[in-house]
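Here is the structure we will look at, set down as structure tokens.
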Amino acid sequence: MITPLSDIEIHRALGGLPGWSRRGTELLKTYEFRTFGDAMAFVTRVAAIAEERDHHPDIDIRYSKVVLHLSTHSAGGITANDVSLAQAIDAS
């Protein structure tokens with residue numbers, strides 16, 4: 001079973017994830033794009049990465065703004081899987 005990261009582990013991980021923050025049991029990041037099409041292209045890239053890892057974020061889309069919410073629901077919080085997915089998304 002996957003276990004949630006400790007507060008200290010989450011704090012350390014956020015040091016290497018520019019623009020990401022913690023809200024409760026989630027990692028969050030807002031991305032802003034020039035157009036709706038650019039935002040949707042980004043969401044498509046995120047979907048491919050998430051599907052490959054079998055770890056799927058909650059995604060809010062508001063025209064050209066995309067907010068990603070990462071949490072491992074089965075573990076009840078933020079895990080190494082969430083940190084790894086955030087890193088992969090930022091690298092894409």
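None of the figures in this text is laboratory data; all of them are computed from the coordinates on show. Here the structure is a predicted model, which means the values were calculated and not measured. Backbone-built Cβ (ideal geometry, glycine too); neighbour counts: all protein chains shown.
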| task | Can you run down the residue pairs with Cβ atoms below 7 Å, 6 or more apart or on separate chains, where the first is in the stretch 36-57 and free of Cβ contacts under 8 Å to residues at least 60 places away in the same chain and the partner is assigned to a loop (DSSP other than H, G, I, E, B) and surrounded by 12 or more Cβ atoms within 10 Å (Cβ to Cβ)? | result | Phe36/Ser64; Asp38/Ser64; Ala39/Phe33; Ala39/Ser64; Phe42/Phe33; Val46/Pro57; Ala50/His56; Ala50/Pro57
| request: Determine if the stretch 70-86 includes at least one residue that is part of a loop (DSSP other than H, G, I, E, B) and surrounded by fewer than 17 Cβ atoms within 10 Å (Cβ to Cβ). | output: yes
| (1) buried (at least 16 other Cβ atoms within 10 Å of the Cβ); (2) more than 11 Å from the chain's Cα centre (by Cα); (3) among the hydrophobic types (A, V, I, L, M, F, W, C); (4) within 19 Å of Ala13 (Cβ to Cβ): which one isn't true of Phe42, the others all being true? | (4)
